Amino acid sequence: MRKTDTVRIDLHCHSTASDGTDTPAELVAAAHRAGLDALAITDHDTTAGWAEAAAALPPGLRLVRGAELTCVSPDGRGGWCTIHLLAYLFDPQAEAVVAEHARTRAERRTRLHTMATRMAADGYPVDADTLLGDLPADVPAGRPHLAQALVRAGVVESVDQAFAELLHGRNHYHVPSHKTLAVDAIDMTKAAGGVTVLAHGFAHRRGPTVSAEVIGDMAAAGLDGVEVDHPDHDPEARARLRALADRHDLIVTGSSDYHGTNKTVRLGAETTDPAMLAELVSRASGAGLLVGS
Ligand SMILES: [Zn+2]
Ligand SMILES: [Zn+2]
């Protein structure tokens, strides 16, 4: 039997609303089976899984509604790098969030239109206006749509082939996306009553990371916490992040970054101290913590 004095909290999990393999309902059921007391649903750049997870919440399980936002930040060495920011307990209907959503949706469509236009100019049988015209406004436009059009036109045999040969980032048809600045995402989340935690900040295996100074700048800009215990952090990365959290008075979290069967990590493989979750919740006013009944 599980010890009642051990509260287990996992604050970073993905569902089929982004790149996980469990539906939001399966995710909360799995969390319950794994003996978790609280979990956060944090799909990439979307809150699409919130309602299903909330509706399926098993008795006693607490749900922190969140999202993992893809942002860019100065890396502290004169360049830029992509970072992930966990945004929790914000109101997705808040003006700041709705405006940012509309901006990225429009930007995705413009980007796809430009890529299709460049390909048409080179003689590929794709029409940018038709492609965009056929896409419902609420569907996030992306390269897969162009890939499917190329398959339909018989240019390639599969979406994979379209990406490998024509749509990859080094090809001149490719238009890079314009990502949100980390400090703007921190502001936006705060304006929507939420809190922010830097995800896997020193996970060097994933690619370039920001410097300690940049994390200090983010703290000054209103960042609430840092994810310290993450499967991709080695002991040294954890120690450095913990020291930074101390110095800048940041909340420390731990989480599995569960993706279902897309990754081998188990739910609850890393956990967050209940006092830290309580602090996050006390700072938020956008979307409350839900408890299954
Ligand atoms: Zn991430
Ligand atoms: Zn993640």
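Of note:
- A count restricted to region 44-64 and to residues that are at pLDDT below 95 and either of a type in the set (D, E, K, R) or in a loop (DSSP other than H, G, I, E, B) (or both) stands at 4.
- The residues on offer are ALA116, ALA120, ALA128, ALA67, and the sole one that is touching a His at 6+ places or on another chain (Cβ under 8 Å), more than 26 Å from VAL195 (Cα to Cα) and modelled with pLDDT of 95 or more is ALA128.
- Cross-chain or 6+ apart pairs with Cβ under 6 Å, region 274-293 first and on the phi > 0 side of the Ramachandran plot, then modelled with pLDDT under 95 and surrounded by 14 or more Cβ atoms within 10 Å (Cβ to Cβ): none
- Within region 180-203, being within 16 Å of ligand 2 (Cβ to nearest atom) and of a type outside the set (Val, Ile, Thr) holds for ALA182, ALA185, LEU198, ALA199, HIS200, GLY201, PHE202, ALA203.
- Number of positions in region 191-208 that are in contact (Cβ under 8 Å) with a residue 40 or more places away in the chain and touching a helix residue (DSSP H, G or I) at 6+ places or on another chain (Cβ under 9 Å): 9
- Scan of region 197-231 for residues that are exposed (fewer than 15 other Cβ atoms within 10 Å of the Cβ) and at pLDDT below 95, ordered by number: HIS204, ARG205, ARG206, GLY207, PRO208
The values are calculated or read from the model by the stated rules, or taken from the named source; none is laboratory data. Just so it is clear, the structure is predicted and the values come from calculations on it, not from any experiment. Because the Cβ atoms are built from the backbone with ideal geometry, glycine has one as well, and the counts that use them run over all protein chains shown.
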